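What follows is calculated from the coordinates using simple rules that are stated; it is not laboratory data. In this text, all values refer to a predicted model and were calculated from it rather than measured experimentally. Here the Cβ is made from the backbone with ideal geometry for all residues, glycine too, and neighbour counts use every protein chain on show.
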Amino acid sequence: MSLSQQNAIEQNLQNVREKIAAAAQLCGRSPEEVTLLAVSKTKPASAVEEAIAAGQFSFGENYVQEGVDKIAHFAGRQPALTWHFIGPLQSNKSRLVAENFDWCHTLDRLKIAQRLNEQRPADLAPLQVLIQVNISDEASKSGIALEDVAELAAQVMAMPNLNLRGLMAIPAAETDYARQLDVFSQMRDALKALQAICPQADTLSMGMTDDMPAAIAAGSTMVRIGTAIFGARDYSAKP
Ligand SMILES: *Cc1c(COP(=O)(O)O)cnc(C)c1O
């Protein structure tokens, strides 16, 4: 990676942090309430290294094997990195997630929850999990309907190796700020409803490069940002 690209990641991270702070201040929230996940999918370990050098320690990955490879590459690093699985999860890959990641944002069915709970190694802290809600993207098969959250939440809460921390959503792409805000506000209300039965649920994972300010205005506590940090992704390079 060239020197100018390295500087770009550091500069991009600074810009994103400033945008988070601005969006938070605009609605009277503290910027510290919003955790920034750097979404490093399709990007090489060298790009992650640059982000670490710029003080970024939380990363999101979509593809299980790619994420596991990066986790192994940076294992033992101080300060420790936190790895979030944010992609669709098939049951034959659940063991790798349970054994390697700190968080899973895409829990959307009981079977996957049971497998993650069984497969989480006893010497690790419980896996921090979010239930993915299909809030607006009817075409997407990922996520459950809002009305099904309480039932799955109650089942997950009974699993000792999973810690239910809240909800996640990937709304359908939408450029209008008011409409983005409307959808994200439904998620904020859903988290409030969840907190009534699950007081430790403190996390709302929502907001990407193109809808981050609206997500923060609606109460996001975790934004997942890829493009604005690492640049556009080249999927043709993937095997
Ligand atoms: C790729 C991805 C992101 C990051 O998207 P950008 O638009 O590049 O910021 C966030 N969340 C999920 C679930 C993703 O798959």
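Going by the conditions given, is Ile197 β-branched (Val, Ile, Thr), touching a residue at least 24 places away in the same chain (Cβ under 8 Å) and within 14 Å of the ligand (Cβ to nearest atom)?
No: the conditions fail for Ile197.
Considering the range 28-77 alone, what residues qualify as being surrounded by 14 or more Cβ atoms within 10 Å (Cβ to Cβ) and among the hydroxyl-bearing types (Ser, Thr, Tyr)?
Of everything in the range 28-77, those that are surrounded by 14 or more Cβ atoms within 10 Å (Cβ to Cβ) and among the hydroxyl-bearing types (Ser, Thr, Tyr) turn out to be Thr35, Ser40, Thr42, Ser58, Tyr63.
Is it the case that Gln180 is of a type outside the set (Phe, Trp, Tyr) and more than 16 Å from the ligand (Cβ to nearest atom)?
Working: of a type outside the set (Phe, Trp, Tyr): yes; more than 16 Å from the ligand (Cβ to nearest atom): no.
Spelling it out, it is not the case that Gln180 is of a type outside the set (Phe, Trp, Tyr) and more than 16 Å from the ligand (Cβ to nearest atom).
Within the range 146-155, is there a residue that is out of contact with any Leu (no Cβ under 7 Å at 6 or more places or on another chain) and surrounded by 17 or more Cβ atoms within 10 Å (Cβ to Cβ)?
yes
Would you pick out the residues in the range 12-54 that are assigned to a helix (DSSP H, G or I) and hydroxyl-bearing (Ser, Thr, Tyr)?
Residue satisfying the conditions is Ser46 alone.
How many residues does the range 55-72 contain that are among the β-branched types (Val, Ile, Thr) and within 16 Å of the ligand (Cβ to nearest atom)?
1
Looking at this structure, is Glu99 over 14 Å from the mean Cα position of the chain (by Cα) and under 16 Å from Met187 (Cα atoms)?
Against the criterion (over 14 Å from the mean Cα position of the chain (by Cα) and under 16 Å from Met187 (Cα atoms)), Glu99 does not qualify.
Could you look through the range 215-239, keep only residues that are near the ligand (Cβ under 10 Å from one of its atoms), in a helix (DSSP H, G or I) and of a type in the set (A, V, I, L, M), and pick out the one that is surrounded by the most Cβ atoms within 10 Å (Cβ to Cβ)?
The qualifying residue surrounded by the most Cβ atoms within 10 Å (Cβ to Cβ) is Ile229.
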